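Asker: The structure that follows is given in the form of C-alpha cells.
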Amino acid sequence: MSEPGKTKFQVDLRRHLRETGVEDNLTHLICEIAEASKYIIHSIRTGDLGVAGTSNLYGEKQLALDVLADRILRKRLDHSGVVVNMMSEEMDQIIPVSTDWEGKYSVAFDPLDGSSLVDVNLAVGTIVAIFPGYDLLRPGREQVAAIYILYGPRTTLVYSVGDGVYEFGMNNLMEYTLLREHITLKPKGNLYSPGGLRNQYTPGVENYVSTLEKRGVKLRYSGGFVPDINQVLLKGEGVFLYPHLKDLPRGKLRLLFELSPMAYLVEQAGGAASDGHQPILDLLPTQIHERAPVFIGCKDDVALAEEMLRTYEGKKDVPAEKGRSVKASG
Ligand code: FDP
C-alpha cells in the first residue's frame, strides 16, 4: 500500500519488496544486488575501456569491466550474510560462502553480459538467478527469484519472485523506484531478435525465421542478451532466438547464468522459453558453463519454433547431456 499522497510510482525497491511480502533474507539479497549494480554502472560510465592489464593515470592496475563487475558482485554477496554458494560466468567453479544454508540462498550470475558491447557504447546488463539453499546445479524452475539490470541510456532493474514481473528505474539519487508492475507478453508478437550466423542455421530454424519474416515481423537485434530480452518484455511482444547452429550444436548462451533467469522472467510475464524441444526451465544443468539453444518470448511464437523443429528436424538431434544434481557445499 502506498502512503496517502504518494503514488505507487515513487515506491523504492526495498519498500516494494517488503510491501509485497517478499521474505526478509530474499529482500536483503535483492537489495544487495541492486546496491552492487550502482558500483557497476559507475565503473561502466567512468572506466577506461579495453585496457585490462595496463595501469591508469594513478598507476593503478586496470581491470576489464567484466572482471571488475564480477568482483563488485562477489564481494557484495560474500558479505550479505544470506548467501551459501555463488557462481559466476567469470568463474570456473562454485564459490562456497557459508556452510549454514538454513533460510539462505545460492546465486548464479553473469556480472556483465555482452561486455564486448561496452567498447562501442551499446547497452549491457547483469543477470542473476537465485535458488533456495545450497544447490546451484538444478533446473531453473526451482529458482525463487530472477533479476536483470540493464545499463542503457537509463539504468533499470527487472525482477520476479514468482509473483509477476516488475521494472524499476534508477533515479538521479541512484535509488531504484517502481516503473511498471505485472509486465505481460502478448501471445504472438511482431518483432524478432535472431542471434547466430544465418548460414549456420539448421533447416528447422531457417524455416522458422522465414515463416516469421513472411508474417512481416520486424528485425530488432542489438547483440546484447539483456537489452534484447528487455525489449521483448517491455514492448510486450516478440521472440529472441539463439538457436543450435550447424557449427555450435548447443548454441552459445549459458543455461545457468543467462537462460534460466531470463526464462523465469519471461514465463512470469506469460511468455515461454524453449531449447526447441522442452522448456528451458526444465533443463537440468550438468556443468556450470553448460550452453543450450533458446527460443524465448511470446508463447505462440515459441510454440511455432518447436513445431518447425519437429517438422524439419524430427526428434532432438543433439543428445541431452546426462542430468546430475551437484551439492557444492552445505
Ligand atoms: P557477448 O558475446 O557480447 O558477451 O552471451 C554473451 C552475448 O554477448 C549475449 O549478450 C548476446 O546475445 C550474444 O552473446 C551475442 O552473440 P553474437 O555476437 O553471436 O550475436
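Asker: Under the definition of Cα pairs under 8 Å and six or more residues apart, what whole-number percent is the relative contact order of the range 144-274?
Answerer: 28 percent
Asker: Just tell me the longest site-free run in the chain, where the sites are trypsin sites (Lys or Arg not before Pro) in a DSSP loop having at most 14 other beta-carbon atoms within 10 Å.
Answerer: Value returned for the longest uninterrupted segment is 7-153.
Asker: Quick one: which residues, 5+ away or cross-chain, put their amide H under 5 Å from the amide H of LEU136? H built at 1.01 Å from N.
Answerer: ALA328
Asker: In addition: Determine how large the accessible area of VAL209 is when every protein chain is in place; take a 1.4 Å probe and give Å² rounded to the nearest 10.
Answerer: 0 Å²
Asker: Share of antiparallel DSSP beta bridges in the chain, in percent to the nearest 5?
Answerer: If we restrict to bridges inside the chain, about 80 percent are antiparallel.
Asker: Just to be sure I understand: with springs between alpha-carbon atoms less than 10 Å apart, which residue in VAL11, VAL294, VAL165 has the highest mean-square fluctuation in the Gaussian network model of the chain?
Answerer: VAL11
Asker: Quick one: with all protein chains in place, what share of the accessible area of the range 63-116 is carbon or sulfur, to the nearest percent (1.4 Å probe)?
Answerer: C and S atoms contribute 46 percent here.
Asker: Related question: Tell me, which longest segment in the chain has none of the GluC sites (Glu not before Pro) that fall in DSSP loops with at most 13 further Cβ atoms within 10 Å?
Answerer: It runs 103-330.
Asker: While we're here: Under the rule of at least 5 residues apart or a separate chain, name every residue whose amide H is placed under 5 Å from the amide H of LEU191.
Answerer: Amide H neighbours of LEU191: LYS218, GLY238, VAL239.
Asker: At a Förster distance of 35 Å, what's the computed FRET efficiency of ASP100 paired with ASP282, Cβ-Cβ distance as r, to 0.05?
Answerer: About 0.70, to the nearest 0.05.
Asker: Residue by residue through the range 244-254, what is 3J(HN,Hα) from phi via Karplus (6.51 cos²θ - 1.76 cosθ + 1.60, θ = phi - 60°)? Round to whole Hz and write x for glycine and proline.
Answerer: In residue order, the calculated couplings are 5, 10, 4, 9, 9, x, 10, x, 10, 7, 8 Hz.
Asker: Would you compute, from DSSP H runs of 4+ residues alone, the mean residue ellipticity of the chain at 222 nm, taking -39500 (n - 2.57) per run and dividing by the full residue count, rounded to the nearest 500?
Answerer: Computed ellipticity for the chain at 222 nm equals -9000 deg cm²/dmol.
Asker: Now for a different question. For the range 158-209, what is the accessible area per residue in Å², given a 1.4 Å probe and the full set of protein chains?
Answerer: 43 Å²
Asker: Continuing with the same structure: Gaussian network model of the chain, Cα springs within a sub-10 Å range: biggest mean-square fluctuation belongs to which of ILE229, ILE183, ILE149?
Answerer: Highest fluctuation among the options: ILE183.
Asker: Going through the cross-link list LYS75/LYS299; LYS214/LYS246; LYS188/LYS252, which pairs have a Cα-Cα distance over 29 Å in this structure?
Answerer: LYS75/LYS299
Asker: In the Gaussian network model of the chain, springs joining C-alpha atoms below 10 Å, which of ASN25, ASN199, ASN121 carries the largest mean-square fluctuation?
Answerer: ASN199
Asker: Follow-up. Using R₀ = 25 Å, calculate the FRET efficiency as 1/(1 + (r/R₀)^6) where r is the Cβ-Cβ separation of ARG198 and ASN121; round to 0.05.
Answerer: 0.45
Asker: If contacts are Cα pairs under 8 angstrom and at least 6 residues apart, what is the relative contact order of the chain in percent?
Answerer: Across the chain, relative contact order equals 17 percent.
Asker: Just add up the charged neighbours of PHE257: K/R +1, D/E -1, any other residue whose Cβ is under 15 Å from the Cβ of PHE257.
Answerer: That sum, taken over residues with Cβ under 15 Å, equals -3.
Asker: Specify the longest stretch of the chain that does not include any exposed loop site, a site being one of the chymotrypsin sites (Phe, Trp or Tyr not before Pro) with a non-H, G, I, E, B DSSP assignment and at most 16 other Cβ atoms within 10 Å.
Answerer: 59-220
Asker: Could you work out the per residue convex hull volume over the alpha carbons of the chain, in cubic angstrom?
Answerer: For the chain, the hull spanned by Cα atoms encloses 136 Å³ per residue.
Asker: Moving on to the next point. Using a 1.4 angstrom probe and counting only protein chains, how large is the accessible area of VAL84 in Å², to 10?
Answerer: 0 Å²
Asker: Follow-up question, since we're still on this one. Which cross-chain or sequence-distant (5 or more) residues have an amide H under 5 Å from the amide H of VAL124, H modelled 1.01 Å from N in plane?
Answerer: HN-HN under 5 Å from VAL124: TYR151.
The values are calculated or read from the model by the stated rules, or taken from the named source; none is laboratory data. None of these values were measured; they are calculated from a predicted model. Note that each Cβ is placed from the backbone with ideal geometry, even for glycine, and that neighbours are counted across all protein chains shown. For accessibility, only protein heavy atoms count, side chains too; no ligands or nucleic acids. Shrake-Rupley method; radii C 1.70, N 1.55, O 1.52, S 1.80 Å.
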